[in-house]
Structures are given as structure tokens and as C-alpha cells.
Amino acid sequence: MQKGMHTDTERCVRAVQSKDARFDGWFFTAVVTTGIYCRPSCPVVPPKPENMRFHPSAAACQQAGFRACKRCRPDTSPGSPEWNQRADLVARAMRLIADGVVDREGVPGLAARLGYSTRQIERQLLAELGAGPLALARAQRAQAARLLIETTPLPMADIAFAAGFASIRTFNDTVREVYALAPTELRTRAVPRSSPVTSGPSGIPGGSANTAGALTLRLPFRAPLNPDNLFGHLAATAVPGVEEWRDGAYRRTLRLPYGHGIVSLTPQPDHIACRLTLSDLRDLTVAISRCRRMLDLDADPVAIDDQLRTDPLLAPLVDKAPGRRVPRTVDEAEFAVRAVLGQQVSTAAARTHAARLVTAHGEQVDDPEGGLTHLFPAPEALASLDPETLAMPRSRRTTFTTLVRQLADGDVRLGPDSDWPQTRARLLALPGFGPWTVDVIAMRALGDPDAFLPTDLGIRRAAQALGLPSTPAALTARAAAWRPWRAYAVQYLWATDSHPINFLPV
């Protein structure tokens, strides 16, 4: 079991007294004299240290009887970086809870996906996070409800079920308990919907003129964030019909548990502006979670950059443009397919191959605000295609058809619950899968922050130019000092090139 930061009382007190936003989401401060809990950066006068209690999650605070601060909105802090940098049971469970598995399948479904008993899951989550899976999912439902209450004109009954509550009574009771306000009072306190979207430092939206199924919100992150390689990579590799760069925003279609969606993401200095159009509002929390993972918004850039700066040859790259994130994906299976399509071909050729698949096998969607036309085909749809229709070498056809068949059958599982070492081994066993393909999937689909690409041509060129070892074995040995953040070192090394992936589109 990991020892959470909330157990280091002295360090937590210092963070609260300095209002250090870097620690938002790492821990939460409960104030015994007021009965509320806050994020470390709460703008109010810090309480006396003897009145502070520290908890590892918003759910733990709620279970202890504290309600959310109305000023700093602690329930909407950036997520803990722990869940994206770890591959143990608790981290995998937290990723699945964020993806809505408990709401859809219950705790037994969560346990089945992870291969443990419900008792084991509950015990480990309670020990590390101070709350079990039901309480953690309940806290997430409360946050989703608040977002819908404050940013849409939907009736409360519709919001209750969209947020995942089983009944209107449970919805009302939970909102009152967590926020000390009735749902109607929350809506009254929100910024009028005719006003522009505004927010405080927490990154929570005020009202906006949203129609049913469309939401405008702000995705917070820990500063700094360099958007160049993040959005540059997504835009340069965008598959026509599924993704596009339009009016300063990256837009794409989303395949979601209850339907589909379209998201528009625009980088801003202190947040990512997000516009979501959903065919079913029950997909709200899942869509937000997947967009956050794609943009790597829960990373701790200060810790990452500090580690990489210890290498004197990397330090100038970090100092020049700190806060680089790893561009990831909203659909792990989709990315694996695209990684195979991109083997040994240019970015343009990979996009062409993918676009043909989308046109032939993707589900059509309507996008009145742009040029998106399809969802990327699911593995089940691709498993039945005729390999002879693929314009690629026969060996790569075999690689492609084997992958999509195993994804469709469930023999290879890529998702928030993936066991990273086990998944790597299964991918390496597939025909045509070498270390580069496996590591790029580990980095961008599985989210492994330590995935490394020593055989990548761009990495080897950058290494040679910087005076780093350029042979894969020697570079891997040198990169041991960058662990556990080698995937971020890859972003800094790639950024030495003039490839479009490294530049924010104009």
C-alpha cells in the first residue's frame, strides 16, 4: 500500500498556509470547526493547524461528515497524479471508477474487471483513500450532478438519472449532504445561464446558454501546461471525419457507453475550454474523464520536470518549454489499431489508411458545428473486414487482422483496468508487434508514464544532436535516470524536431 501525502501533516499544513495549488487533488483539508473541506489552495484565511484534518479524497471527507467548501469547490480539483502514474490495484480501480464502471456494473463488476474479490477491492481502497468504491462513485455522481445543475436548464429529475443516481430522493439527499444546499438552491446560486461562462480558480464553469445534451465547461490542470506538442500531436495525426482542428480547437467524436459524443477542446492559459455534445447525458462523467486522460491533465508537471532537469543535457529543453504533457487517447483500442496502421509509414500515410477504414466501417454521426462525420470503427466491425481490401503489405495485414480479432474477442484488453506488464507481454506475442509498437501503445493508450522509445528515429536523431547516446541500448541505460518519467522525456526529445506534431496549429 502506498503512503499518501495526507499522512504528512507538517507538509500538508505548509501547503495550505501557502495556498499552493500544485497540491490540489493530492489531499483535502477538513476543518473541524466549520465542518467543511477544502482544497489546499482555498482562498479563504487558512484555519489553525490544530483544526485541520487531512484526507486523501473528497469521498473520504464526505464519509467523515464534512461538506464541500462553496468557495474553492474542492470536489472538482484536478485528479491525483497517482492514478495515472501507477499500475497497481488501487490505481486501476480508481481509473475504472472515473470511467463510470461502478455506476454501470456495480462493485461486483469492478471487482470482476480487476480479477479480485469485492472484499479485497473495498479493503484496499478504504485503507488508501479512506472510502470504498461506492463512496468514491457517489462523490463522482455528486460532482456530475452539480455540473448539470449549474450549467444546463434540465429538469432535476433528468439530472438525477443523467448523473447516475438510482432515484430522485437519493439525488436530493446526496446533493444536500455534500453541498449543504438543495439542488434548486445550487441552481439559484449559479451564474445566470445567459451570462458568459466564468469561473474562479477552481476551474468550475458558471452558466452558459447550453441546450440539452450540450455542455460548456472548464477542465482544470496543474500549471505549467505547454499546449504545443499536446494539441500539435493530436491535430497533426487527426483522422479525417473522426478528428479535426477548427477555430483554435481540437474536435473529435467519442464512442461512449450509452451513446456517442462530440467534444471540442481549446487550450487557455489557466484551463482547457471544453464543449461536449452528448447523445445521452449519462455519459457526462465518462466523457470528461476520457478527455482529461487524453490531455494528461492530472499530471504533476513540477515533479516531472524537476526529475528531468537533473540530466544536464535535458535541462535546457525543460527550461525552454516546461509543462509538456503526453498526448494520449480517448479510446485505447482505437489507438492500438492506429499504431499498427502507422508502422513504418509517414504520418500522412497513416491518416490516409485510417480515414479509409473510417469511411468504410465507421458509424456516421451528425456534427452541425463542424466537419466530423464518423465514430472510429469498433474492433468488432473491423474483425469482419476482408484483409484483401487493406492497402498495406501482407505481413502488416496479418498484424492488423490478428489485433482486431483479439480485441474483439477480449483476448487482448486495453483500458483503464489494464495490467501494464501483462498487456505488454500479450501485445509482444502478436505477429508484427515489436518494442516500438508496444511502447507507443503503452505510452499513449495505457498511460504508462515511464514508457520509452529508444528505437524511434526521431528520438535517436534528437539524442545524437544533444550529445546523448544514440544507440538504443546506451540511450536506455542513460534514460534510467529519467525514470519514472521517460514518456515525458520522449516529448522533450521529439520537440527538438520541426515536425508538425510539435507546434500548436494556427
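G447 meets all of the listed conditions (1) closer than 27 Å to T402 by Cα; (2) in contact with an Asp or Glu (Cβ under 7 Å, 6 or more places away or on another chain); (3) buried (at least 20 other Cβ atoms within 10 Å of the Cβ) but one, namely (2).
Residue-by-condition table, conditions (1) at positive phi; (2) in contact (Cβ under 8 Å) with a residue 60 or more places away in the chain; (3) outside the structural domain of Y116 (by TED's automatic domain parsing); (4) not in a loop (DSSP other than H, G, I, E, B):
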{"site": "S395", "(1), (2), (3), (4)": "no, no, yes, yes"}
{"site": "T398", "(1), (2), (3), (4)": "no, no, yes, yes"}
{"site": "P421", "(1), (2), (3), (4)": "no, yes, yes, yes"}
{"site": "A445", "(1), (2), (3), (4)": "no, yes, yes, yes"}
{"site": "F452", "(1), (2), (3), (4)": "no, no, yes, no"}
{"site": "G458", "(1), (2), (3), (4)": "no, no, yes, yes"}
{"site": "T476", "(1), (2), (3), (4)": "no, no, yes, yes"}
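From the list R328, R293, R309, R324, exactly one residue is farther than 28 Å from Q464 by Cβ, basic (K, R) and in contact with a helix residue (DSSP H, G or I) (Cβ under 8 Å, 6 or more places away or on another chain). Which is it? Reasoning before the result, please.
Values: R328 fails: farther than 28 Å from Q464 by Cβ; R309 fails: farther than 28 Å from Q464 by Cβ; R324 fails: farther than 28 Å from Q464 by Cβ.
Of the residues listed, the single one that is farther than 28 Å from Q464 by Cβ, basic (K, R) and in contact with a helix residue (DSSP H, G or I) (Cβ under 8 Å, 6 or more places away or on another chain) is R293.
Exactly one residue out of L414, L427 is buried (at least 19 other Cβ atoms within 10 Å of the Cβ) and either charged (D, E, K, R) or not in a loop (DSSP other than H, G, I, E, B) (or both), and it is L427.
Does the range 495-505 contain any residue that is in a helix (DSSP H, G or I), touching an Asp or Glu at 6+ places or on another chain (Cβ under 8 Å) and surrounded by 13 or more Cβ atoms within 10 Å (Cβ to Cβ)?
Step one: of the range 495-505, the residues in a helix (DSSP H, G or I) are 500-502.
Okay, now just the ones that are also touching an Asp or Glu at 6+ places or on another chain (Cβ under 8 Å), so 502.
Still in the running and surrounded by 13 or more Cβ atoms within 10 Å (Cβ to Cβ): 502.
Within the range 495-505 (the criterion being in a helix (DSSP H, G or I), touching an Asp or Glu at 6+ places or on another chain (Cβ under 8 Å) and surrounded by 13 or more Cβ atoms within 10 Å (Cβ to Cβ)), the answer is yes, since at least one residue qualifies.
With respect to being part of a helix (DSSP H, G or I) and closer than 21 Å to T455 by Cβ, L313 falls outside the description. Residues in the range 479-506 that are more than 23 Å from D300 (Cβ to Cβ) and either in contact (Cβ under 8 Å) with a residue 40 or more places away in the chain or in contact with a Pro (Cβ under 8 Å, 6 or more places away or on another chain) (or both): T496, H499, P500, I501, F503, P505. From the list L357, L382, L341, L390, the lone residue that is surrounded by 15 or more Cβ atoms within 10 Å (Cβ to Cβ), closer than 30 Å to P435 by Cβ and over 27 Å from the mean Cα position of the chain (by Cα) is L390.
Confirm whether V16 is in contact with a strand residue (DSSP E or B) (Cβ under 7 Å, 6 or more places away or on another chain), part of a helix (DSSP H, G or I) and not basic (K, R). Give the steps one after another, and end with the answer.
Details: in contact with a strand residue (DSSP E or B) (Cβ under 7 Å, 6 or more places away or on another chain): yes; part of a helix (DSSP H, G or I): yes; not basic (K, R): yes.
In short, yes.
Those helices (runs of 4 or more DSSP H) of the range 45-135 in which 3 or more residues are in contact (Cβ under 8 Å) with a residue 24 or more places away in the chain and farther than 25 Å from R14 by Cα occupy 89-98, 101-114, 118-129.
The values are calculated or read from the model by the stated rules, or taken from the named source; none is laboratory data. Keep in mind that what you see is a predicted model, and the values were worked out from it rather than measured. Cβ atoms come from the backbone with ideal geometry, glycine included; neighbour counts cover every protein chain shown.
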